[in-house]
Amino acid sequence: GSSIGVCNGLIGDNLPSPREVVLPCTNHIVLQELRGSGIRVLVGVADQDIQRLANSYSAAQDWVQKNIRSYWPDVHFRYIAVGNEVIPGDYAQYHWRPLAPHQVSTSVETSVMGVYYPPSAGTFAMNTMNFMVPIARYLSSIGAPLLANVYPYFSYIGDPINISLAYALFTSTSVVVRDGNLSYINLFDAIVDALHASLERAGAPQVPVVVLESGWPSDGDAGVASIHNAQVYNTNLTKHVLSNGGTPKRPGNPIETCIFTMFNEDLRGGAAVERHWGLFYPNKSLAYTINFM
């Protein structure tokens, strides 16, 4: 069935010790603490390591030995994510075949699509097509999903005239987008189904989409980044995922999703909003409540 998890970032100098926060992470202290926990773990290959692992079979096998086999079967590894949002970019040209036959994938942002509206027209962008088509077909050949970072928040602030806040927050009570015989009442489903359509056009219709990151910031801009909106979004996202309803294009298909992120990270770069995605403050007090049941 569907599952909901939480990303655990470590970009901060005031965060609790990983020994106290037992969540999926590439950090070896965290992996050690996860032994026997039953928690499903996604391990990431750092962007700066991709070229080295792609060019050296022995380096790739050494990475697998240190980060996977050293902990398996005490730690349940779900996926290996090679890079985070590296397409397009300097690392996009490097492949991860040396890490096969493990459940290897990569995480992409929705800008890999050149067309995403309506969802059925979803198509990978011209500047990502040369990378995404072979990646999609490779994922299909090994039975692995495409990992995607899906953020209706960024879609909304990028086009608030044409995208309503209710559509982004899962609070719309009526159909917002009609796409042929499919009806959409939330933006999350529309983005995921645009990725499904893009994969179909790339010749990989069987590749599922796993949402590696999704969330809403609680502070950092004067607009819609607020504790109220973050609580509404993440609560509704959790309910939606756990309902096992799937998306309009893939009804009944489970949607694996992770909320970004566990803690506010004070050292995360970029705009101020980037430091306010956590469910908790670094002192472990709740930013807001959310029910995962």
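Take the conditions (1) at pLDDT 85 or above; (2) farther than 30 Å from residue 179 by Cα; (3) crowded, with 17+ Cβ neighbours inside 10 Å; (4) not β-branched (Val, Ile, Thr); residue 60 misses just one of them, which is (1). Restricting attention to region 277-287, the residues that are crowded, with 17+ Cβ neighbours inside 10 Å and either without any contact (Cβ under 8 Å) to a residue 40 or more places away in the chain or over 17 Å from the mean Cα position of the chain (by Cα) (or both) add up to 2. What residue, among those in region 199-222 that are under 17 Å from the mean Cα position of the chain (by Cα) and either among the hydrophobic types (A, V, I, L, M, F, W, C) or closer than 20 Å to residue 138 by Cα (or both), is modelled with the lowest pLDDT? Applying the filter and picking the extreme gives 212. If I filter region 155-177 down to residues being free of Cβ contacts under 8 Å to residues at least 12 places away in the same chain and outside any loop (DSSP other than H, G, I, E, B), which single residue comes out as nearest to the chain's Cα centre (by Cα)? For region 155-177, the residue satisfying everything is 158.
Could you list, in sequence order, the residues of region 246-271 that are in contact (Cβ under 8 Å) with a residue 60 or more places away in the chain, part of a loop (DSSP other than H, G, I, E, B) and buried (at least 17 other Cβ atoms within 10 Å of the Cβ)? Matches in region 246-271: 248, 249, 255, 260, 261, 262, 264, 265, 268.
If you go through region 126-144 and keep only what is surrounded by fewer than 17 Cβ atoms within 10 Å (Cβ to Cβ) and part of a loop (DSSP other than H, G, I, E, B), you end up with just 143.
Rundown of residues vs (1) farther than 23 Å from residue 133 by Cα; (2) modelled with pLDDT of 60 or more; (3) of a type in the set (A, V, I, L, M); (4) assigned to a loop (DSSP other than H, G, I, E, B), yes/no style:
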site: 9; (1), (2), (3), (4): yes, no, no, yes
site: 17; (1), (2), (3), (4): yes, no, no, yes
site: 20; (1), (2), (3), (4): yes, no, no, yes
site: 32; (1), (2), (3), (4): yes, yes, no, no
site: 41; (1), (2), (3), (4): yes, yes, yes, no
site: 68; (1), (2), (3), (4): yes, yes, yes, no
site: 73; (1), (2), (3), (4): yes, yes, no, yes
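Inside region 240-265, residues that are in contact with a Gly (Cβ under 6 Å, 6 or more places away or on another chain) and β-branched (Val, Ile, Thr) make up a count of 2. If you go through region 145-154 and keep only what is part of a helix (DSSP H, G or I) and surrounded by fewer than 21 Cβ atoms within 10 Å (Cβ to Cβ), you end up with just 154.
The values are calculated or read from the model by the stated rules, or taken from the named source; none is laboratory data. Not measured: the values here are computed from a predicted model. Because the Cβ atoms are built from the backbone with ideal geometry, glycine has one as well, and the counts that use them run over all protein chains shown.
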